[in-house]
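What follows is a set of notes on a single structure, which appears directly below.
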Amino acid sequence: MKTLESMEEFKERKSTGKHIFMFSADWCPDCRIIEPILPEIEEKYSEYTLVYVDRDKFIDLCIDLDVFGIPSFLAFENGEELGRFVSKDRKTKEEIENFIDSLSS
C-alpha cells in the first residue's frame, strides 16, 4: 500500500486513475485489526491503488472531506468521488469488499 506524503500527491492521485484512500492512524486499534487483510484486498482489487492516509498528519484533509472516524475509505476515479465508507466503526473484510464492489455498480 502506498503512503500519502503530501497534499500535492493527494490532489494528483485523486484527479488521475482509480484510488482508494484509507484514512487511518498508528494508534487506532480498529485500523490495526484490518492491516493483515489489506494486502489480500489490494491484490483482489488491483484496478485500484490503495493509499494510506495518516489521519494525524492530514487532519485538515480529513476535515475538508468530512472524515471524522477511522478507519475510513474514500474512492476516486479521475477526480470524481465514486463512494465512501466513512464511520468510526470497526470494518470487516467482507464490509470493505462490499464497499469496493459497490463502486462499479
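Values in this text are rule-based calculations from the coordinates and carry no lab data. Since we're looking at a predicted model, the values are computed, not measured. Glycine also receives a Cβ, built like all others from the backbone with ideal geometry; neighbour counts cover every protein chain displayed.
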Label model pair SER87, GLU43: point-to-point distance (7 angstrom along the Cα→beta-carbon line) in nm is 2.8 nm
Here the cysteines of the chain lacking a cysteine partner under 4.7 Å (Cβ to Cβ) are CYS62
Sequence order, the range 56-68: Karplus ³J(HN,Hα) from phi using 6.51 cos²θ - 1.76 cosθ + 1.60, θ = phi - 60°, Hz rounded, Gly and Pro as x, gives 6, 6, 10, 4, 5, 5, 4, 5, 4, 9, 6, 9, 10
Taking N as the number of residues in the chain, the ratio of its alpha carbon radius of gyration to 2.2 N^0.38 Å works out to 0.97
At the level of C-alpha centres, the distance separating the range 36-55 and the range 75-105, in angstrom, is 11 Å
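Suppose a student asked you for the relative contact order of the chain, using Cα pairs under 8 Å spaced at least 6 residues apart; what percent would you report?
For the chain, the relative contact order is 34 percent.
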With the label point 7 Å along the Cα-to-beta-carbon line of GLU5 and a cut-off under 14 Å to each amide N, the hits in the range 43-60 are 52
GNM on the chain, Cα springs under 10 Å; top mean-square fluctuation among ARG84, ARG55, ARG32 goes to ARG32
Check: in the range 1-96 the Lys pairs 8 or more apart or on separate chains whose Cα atoms fall under 24 Å apart number 22
Under 5 Å from the placed amide H of THR49, counting only residues 5+ away or on other chains, we find LYS18, HIS19, ILE20
Taking R0 as 22 Å and r as the Cβ-Cβ distance between GLU80 and GLU35, the FRET efficiency 1/(1 + (r/R0)^6), rounded to the nearest 0.05, comes to 0.20
